[in-house]
Amino acid sequence: MSAQLPANLSEETVREISEQRDEPEWLLETRLSALAALDDIELPDVIQTPGRRWTNLEALDFEDLVDPLNQSDETERVTDEGVHVLSFTEAFDEFGDVLEANFGQTVDPESNYLTALSTALFTTGTFIYVPEGVDAEDVKVRAEMNSKSLFSHTLVVTEESSSVTILERIDSGASVEGARYFSNLVEIATGENSYVQYGSLQNLDEDTYHYTLKRGDADVYGTINWIEGNIGSRLTRSDVETELNGDSSETQIVGAFFGHEDQHLDLNARVWHNAENTTADLVTRGVLDDDARSVYEGVQDVGRDAWNTSSYQRENTLMLSDESEADASPKLIIHNHDTEASHSATVGQVDKEDLFYMISRSVPQLQARNMLVEGFFVPVLDEIAVDEFREDLEELISARLR
């Protein structure tokens, strides 16, 4: 289903954004192409069960949410030795050729209405370039949204035999009256035998509608690991995807979420096994309280030429109230018999016997429940190799429980 084009969005608007940033002609043409596509392309697919569409993206009023010429953010970028971490406007002079060759190659700007809208309008974002042989562990991007709407694009390019760990944190800054919209596109293009770990922790205020698509292209012997933490926003639509296009490439997608009040989380993890000897591991755990809702789709797609594939997926949702709702749809699509794969999903409430046991041992009921919730997250926290990310996520979970 399509969305209506906002009246305040025109070719003149897009040209003004590009001109203010002194962008090269190729990027302006990419923006204008994305703008033109908005008339014909659809919103992202959502899971439907009989009689129900779990996420109503059609209800997003872009006329009200999008203010393209008044975008504002405060973004801090921390780099490590040998890595180039720049805003797009800073990167055009030194890395213009690399940007042009890779921008929009991993994430198709016109793959759906929301990606095209973001490509046409983005004003912030980060270019991260890791030259051959560089090993970096301390790259950080901390973004603060200070406007009604904000569109961001991040491009990571790694050369052969390099590695990098990137931590992204997204929070709300200056308060703005009414609903807000934040869009975050991330694309990762890896060189042969390179390693990328990308952690993203979202804690936007609960007047914000949030869309993110993160996609990586893993080359021969390449690794792309994602960590996705969603705590804030009113509605989050998150797609985290890896294409395993190189032989012996691998990926891990680790997700954690905690919804409360009337938050809605639509979370998707997808892997395409397109080459031989590839490995994928998808692990997601989430908690819902009050009237919060979640829907999860995990897809493992094994191609015809993907010999000797290993692919695993597990998703667990814990509901703390009778009013919360969750739906999970793990999918295996296998076109090659030389595959070892599994998938599972569970939805349930706090174990009453465990709770009764702790209360009978003089633990107050609320404390007992919170201890069980913290214990529920342990398997996914144990998968997070980055101490700082794990500690920040634990802190946000504890704050939500309090």
Choose one answer from 61, 382, 289: the residue with the largest mean-square fluctuation in a GNM of the chain with alpha-carbon springs under 10 Å. 382
Pairs of alpha-carbon atoms within less than 8 angstrom and 6+ residues apart define the contacts here; what relative contact order does the stretch 159-248 have, in percent? 31
Which residue, chosen from 164, 300, 218, occupies the Cα position most advanced towards the positive end of the dipole of the chain, where the dipole is computed from +1 (Lys, Arg) and -1 (Asp, Glu) charges on Cβ about the Cα centre? 300
Out of 362, 152, 162, any idea which swings most in a Gaussian network model of the chain, alpha carbons joined below 10 Å? 362
Taking only protein heavy atoms into account and a 1.4 Å probe, give the accessible area per residue of the chain in Å². 41
Picking from 111, 347, 121, whose Cα lies most toward the positive end of the charge dipole for the chain (charges on Cβ: Lys, Arg +1; Asp, Glu -1)? 347
Just to check I understand the Karplus step: with θ = phi - 60° and J = 6.51 cos²θ - 1.76 cosθ + 1.60, what whole-Hz values come out for the stretch 252-263, glycine and proline as x? 10, 10, 10, x, 9, 8, 8, x, 9, 6, 10, 5
Carbon plus sulfur fraction of accessible area for the stretch 19-164, probe 1.4 Å, in percent: 38
Stokes-Einstein at 10 °C, 1.306 mPa s, Kirkwood radius from Cα pairs: D for the stretch 1-135 in µm² s⁻¹? 95
When the Karplus curve 6.51 cos²θ - 1.76 cosθ + 1.60 is applied with θ = phi - 60°, which whole-Hz ³J(HN,Hα) does each residue of the stretch 293-308 get, with x for Gly and Pro? 10, 9, 9, 10, 10, x, 10, 10, 10, 9, x, 4, 9, 8, 5, 6
Let me check I've understood the local charge: for residue 116, count other residues with C-beta under 12 angstrom from its C-beta, Lys and Arg +1, Asp and Glu -1. What total comes out? -4
Within a Cβ distance under 13 Å of residue 365, other residues only, what is the Lys/Arg minus Asp/Glu net charge? +2
Considering all projection directions equally, how large on average is the shadow of the alpha-carbon convex hull of the stretch 11-351, in square nanometres? 17.1
If you wrap the stretch 258-325's Cα atoms in a convex hull and average its projection over all directions, what's the area in nm²? 4.4
Measure of size requested: the Rg and Dmax of the stretch 286-402, with Cα atoms as the atom set and Å as the unit; please supply both. 17.8, 58
If you only keep lysine pairs separated by 8 or more in sequence, or across chains, how many in the chain come under 25 Å at the Cα atoms? 4
Can you give the % of DSSP beta bridges in the chain that are antiparallel, to the nearest 5? 10
Please list, by residue number, every one of the GluC sites (Glu not before Pro) in the stretch 159-221 that is coil in DSSP and has at most 12 other beta-carbon atoms within 10 Å. 177
Can you give me the Cα centroid spacing of the stretch 70-115 and the stretch 304-365 in angstrom? 35
GNM on the chain, Cα springs under 10 Å; top mean-square fluctuation among 148, 352, 214 goes to 352
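The values are calculated or read from the model by the stated rules, or taken from the named source; none is laboratory data. This is a predicted model, so every value here is computed, not measured. Positions of Cβ are generated from backbone atoms using ideal geometry, with glycine treated the same way; all protein chains shown enter the neighbour counts. Surface accessibility is based on the protein's heavy atoms, side chains included, excluding ligands, DNA and RNA. Shrake-Rupley method; radii C 1.70, N 1.55, O 1.52, S 1.80 Å.
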